[in-house]
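Here is the structure we will look at.
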Amino acid sequence: MQDNNAQSPAAIKNTNKWDTRQLVVMALMCAISVLLSFVEFPIWPAAPWLKYDASFVPVMVVAFAYGAGPGMAIGFVSVALHGLMAGDFWGATMNLLVITAFVLPAAIMYKRNRTMKTAIIGLVISSLCAIALAIVGNLLITPIYAGMPVEAVITMIVPILIPFNVIKTVLNSVFTLAVYKAISNLITPKKKQVKGR
């Protein structure tokens, strides 16, 4: 007996097409993030040893396009690869804390309401969280790997750590908005695209 509910092979569409493209985009963004992590330069004259790199930007672009999970996945892989290649375990540990704080709030907010206004508000909140986690990370990790007393780290919070991390998060946020606005329609499925983003 023939099943009238059965679909012919021709009627079945391949639903993995976009998933494959998404994986390709994620892999490409991860590679770009790793490359950018080695392009560093000082941005705060009072602390030339603290250097900025734009490796968080591809991670945040993926988080906006596909959600917090994919963003965190390539963020963790990028940070881990940089830590392994640079031999910097403690730096990677601190970056994992900061990238988590930077990605999650904005990605979660943007997924609920995909507008430019929400993206900006999310990035502001993410920046504040990332700055807070960076300070906590410095207080917990810097004394271990740098042999610096906690008291010395505390004295750097206001004149050095906060200004550096404010500039860093502002740059990451601005670059993220510019890049995502430019390529969002290329990397996001049409069914998820929203006008006016």
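The values are calculated or read from the model by the stated rules, or taken from the named source; none is laboratory data. None of the values given here were measured: they were computed from a predicted structure. Neighbour counts run over all protein chains shown; Cβ positions are idealised from the backbone, glycine included. Protein only, heavy atoms only, side chains kept; ligands, DNA and RNA dropped before computing areas. Shrake-Rupley method; radii C 1.70, N 1.55, O 1.52, S 1.80 Å.
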Any helices (runs of 4 or more DSSP H) falling wholly within segment 81-160 and containing at least 1 residues that are closer than 19 Å to Leu36 by Cβ: 89-112, 116-145
Can you confirm whether Phe175 is under 30 Å from Gln22 (Cβ atoms), part of a helix (DSSP H, G or I) and not charged (D, E, K, R)? yes
List pairs: first in segment 57-73 and on the phi > 0 side of the Ramachandran plot, second hydroxyl-bearing (Ser, Thr, Tyr) and assigned to a helix (DSSP H, G or I), Cβ under 7 Å, 6+ apart or cross-chain? none
Any residue at all in segment 17-31 that is more than 16 Å from the chain's Cα centre (by Cα), open to solvent by 30 Å² or more (accessible area, probe 1.4 Å), among the hydrophobic types (A, V, I, L, M, F, W, C) and modelled with pLDDT of 90 or more? yes
Of the conditions (1) open to solvent by 50 Å² or more (accessible area, probe 1.4 Å); (2) closer than 16 Å to Leu28 by Cα, the single one that Gly75 does not satisfy is (1)
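Can you name every residue in segment 105-127 that is without any contact (Cβ under 8 Å) to a residue 40 or more places away in the chain and closer than 16 Å to Phe56 by Cα? Even if it seems obvious, please write down each step before you answer.
To start, the set of residues in segment 105-127 that are without any contact (Cβ under 8 Å) to a residue 40 or more places away in the chain comprises 105, 109, 112-113, 117-118, 121-122, 125.
Matches in segment 105-127: Pro105, Gly122, Ile125.
Collect the residues in segment 48-66 that are part of a helix (DSSP H, G or I) and under 15 Å from Ala130 (Cα atoms), keeping them in residue-number order.
Of segment 48-66, the ones part of a helix (DSSP H, G or I) are 56-66.
Within segment 48-66, Phe56, Val57, Val59, Met60 qualify.
Taking the conditions exactly as written (at pLDDT below 95 and either more than 25 Å from Ala31 (Cβ to Cβ) or open to solvent by 60 Å² or more (accessible area, probe 1.4 Å) (or both)), does Phe89 satisfy them or not? Outline the logic, then answer.
Numbers: at pLDDT below 95: yes; either more than 25 Å from Ala31 (Cβ to Cβ) or open to solvent by 60 Å² or more (accessible area, probe 1.4 Å) (or both): yes.
The answer is yes for Phe89.
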Test for Gln7: is it surrounded by 13 or more Cβ atoms within 10 Å (Cβ to Cβ), at pLDDT below 95 and polar (S, T, N, Q): no
Of the conditions (1) over 17 Å from the mean Cα position of the chain (by Cα); (2) open to solvent by 10 Å² or more (accessible area, probe 1.4 Å), Ala47 fails just one. Which one is it? (2)
